Amino acid sequence: MADKVMVVGNWKANGTLQDLERWAAGFDPSGADAVLCVPHPYLSQATRLLDGKAEVGAQDVAGHGPGSHTGDTTAGMAADCGASFAIVGHSERRAKGEDDQLVRAKVEQAMEAGLHPILCVGESLDDREAGDLRKVLQAQVQAALSGLQEADAMTVAYEPVWAIGTGVAATEKQAAESCRMTRELALECLAGARIKVLYGGSVNASNAVGFVGSEGIDGLLVGGASLEGETFSQICAASAKAV
Ligand code: PGA
């Protein structure tokens, strides 16, 4: 039987505890494997409220274990709060100066804590226009995954930077081609591993079906459209039907 479609929500620095309660009460995964990545302070509450409906993920974890790192949240702490996934290397964090080496350390920390990393990769518009798509994806994927021990499964989200939060999603063709490339590059690093590739960038309830219906796209990473439980439920339902 084919795997269920994976639909990941990313609240970023949005929402309140009240919003979370409302969201959880109205959410229906409708046959999709749903994951909701909430801000760190809400992880425990999300785990309790979403029990049986969705897995919970952190939006980031530290690239190190416990110690003198004021303000950081370790992967172990996120796991302690019930998270089972962690987004790593999101472009909004890379834009704050996170380099490939740190992203790699975060992937390792997440795995050590028993979290499934969701590694984000993607090119800028300049990269794409310069014909550097493959080069950029290769550098990001290799740095994060090459030689990784005991990784028999990995989730990689292809998110073109120019499509994130802009309302301008990639076309289905661009998304499918880039996701195929991402899978190929990930498999070069982790031969034989089960690789899931998600598309992210301005996904909404109308365009979700086209993406998950495309060959080689196993699911979606959804930012803005995950904030309303109803919209996210619609995306899950449409995606589950499309595969
Ligand atoms: P968006 O964000 O859906 O709002 O474009 C996607 C993401 O940042 O993961």
Express in nm, to one decimal, how much length is gained between Glu230 and Arg194 on full extension, taking 0.36 nm for each residue of separation and deducting their alpha carbon distance.
9.9 nm
In nm, what is the difference between 0.36 nm times the number of residues separating Asp51 and Asp3 and their Cα-Cα distance?
15.2 nm
For every helix of n ≥ 4 consecutive DSSP H residues, a contribution of -39,500 (n - 2.57) applies; sum these over the chain, divide by its total residues, and give [θ] at 222 nm rounded to the nearest 500 deg cm²/dmol.
-11500 deg cm²/dmol
Lysine pairs in the chain with alpha-carbon atoms under 29 Å apart, 8 or more places apart or on different chains: how many are there?
26
Among Gly26, Gly71, Gly165, which one shows the biggest mean-square fluctuation in a GNM of the chain, springs joining Cα atoms closer than 10 Å?
Gly71
Label-point gap, in nm, between Asp72 and Ser44 - each point 7 angstrom along Cα→Cβ:
2.2 nm
Average the reciprocal distances over every distinct pair of alpha-carbons in the stretch 74-178, invert the result, and give the Kirkwood radius in Å.
14.5 Å
Sort out for me the Cα centre separation of the stretch 48-125 from the stretch 155-183, rounded to whole Å.
21 Å
Over the Cα atoms of the stretch 1-147, what Rg and Dmax result, in angstrom?
16.2, 47
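Read-outs throughout are calculated quantities, based only on the coordinates presented, and are distinct from any laboratory measurement. Nothing here was measured: the structure is a model prediction, and the numbers come from that model. Counting neighbours? That spans all protein chains shown, and the Cβs are built from the backbone with ideal geometry, glycine included.
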